[in-house]
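Right, one structure below, let's go through it.
Nothing in this text is a laboratory measurement; each read-out follows from the coordinates by a stated rule. As the structure is a prediction and not an experimental result, all values here were calculated from the model. In this analysis, Cβ positions are derived from the backbone assuming ideal geometry, glycine residues included, and neighbour counts consider all displayed protein chains.
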Amino acid sequence: MKPKKETMPTAPQIERPPAGAASLISVAIVEDDDGIRESLADFLGRAKGVRCIAVYANAESALRELKIQPPDVVLMDINLPGMSGIEATRELKRLKPEARILMLTVYEDNKALFDSLKAGACGYLLKRTASEKIVEAIREAREGGMPLTPRMATKVAAYFQSQDKTQNEVALLSPRERQALELLAEGFLYKEIAEKMGVSYLTVHQFTKHIYEKLHVHSRTEAVVKFLKR
């Protein structure tokens with residue numbers, strides 16, 4: 001009887017990425033709504049030029065993995081259970097400054113928009129945005145752009161224009177007027193400001209009048225708010 005022929009052990013099968021995967025834009029989704037999350041993942045799975053590599057139902061689970069190796073673009077919801085999307089964006093940018101995070105939310109108010117951008121988001125889209133536009137925004141985000149809806153872009157432009165105008169107005173203040181305004185912003189009364197500046201009560205009133213004129217405001221509160229916004 002012939003001895004059985006010894007066979008070589010079978011090499012483990014390595015799962016290889018699909019051809020051309022290296023050139024695809026990798027995307028992760030952070031969204032607590034099951035329906036929206038699955039719909040987005042399904043669409044991105046079929047969209048040309050992108051691939052969805054991970055989905056998360058909350059910020060905490062997303063951060064655990066994304067801080068190790070973030071994808072090219074993260075689609076981030078704002079209203080998440082536990083840590084909000086804005087908080088998660090701020091934390092991920094702290095850990096991985098190169099991360100490109102695109103907010104995808106229902107919130108259209110200025111606060112959510114500017115808080116997101118300040119936290120480090122590279123763009124801001126509404127969930128009602130057409131799927132094709134979302135893919136375009138992902139490409140733009142990957143290339144270093146700032147995808148915004150036209151209305152959001154107008155808000156951002158108006159904000160920076162107002163900031164520039166405020167800075168120019170504050171620059172018109174004399175050193176003494178600026179000092180008076182700084183003390184006003186700290187909450188001191190006119191009498192206390194006069195004592196600190198070594199001037200009369202009436203002189204402080206005169207400084208205040210000039211401040212109002214130069215900043216185009218009509219009250220102490222408006223002047224302080226404008227000064228703090230500079």
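Observations on the structure shown:
- Rg(Cα)/(2.2 N^0.38 Å) for the stretch 21-151, N = residue count: 0.93
- Linear extension gain, Thr221 paired with Arg176, 0.36 nm per residue minus alpha-carbon span: 14.3 nm
- Under 5 Å from the amide H of Ile25 lie the amide H atoms of Val50, Arg51, each residue being 5 or more positions distant or on a separate chain, with H modelled from the backbone and absent for Pro and chain starts.
- The charge dipole of the chain, taken about its Cα centre with unit charges on the Cβ of Lys, Arg, Asp and Glu (plus for the first two, minus for the last two), comes to roughly 560 debye.
- Pairwise Cα separations in the stretch 107-199 fall into 10 Å bins from 0 onward with the following percentages, short to long: 14, 30, 20, 17, 13, 6, 1.
- Relative contact order (percent, whole number), the chain, Cα cutoff 8 Å, 6+ residue spacing: 12
- Percent antiparallel among DSSP beta bridges (both partners in the chain, rounded to 5): 0
- Remark on the stretch 163-229: ratio of C-alpha radius of gyration to 2.2 N^0.38 Å is 1.01.
- Evaluated over the Cα positions of the chain, the convex hull gives a direction-averaged projected area, one quarter of its surface, of 20.5 nm².
- For the stretch 21-151, a crude dipole built from +1 on the beta carbon of Lys and Arg and -1 on the beta carbon of Asp and Glu, taken about the Cα centre, is about 400 debye to the nearest 20.
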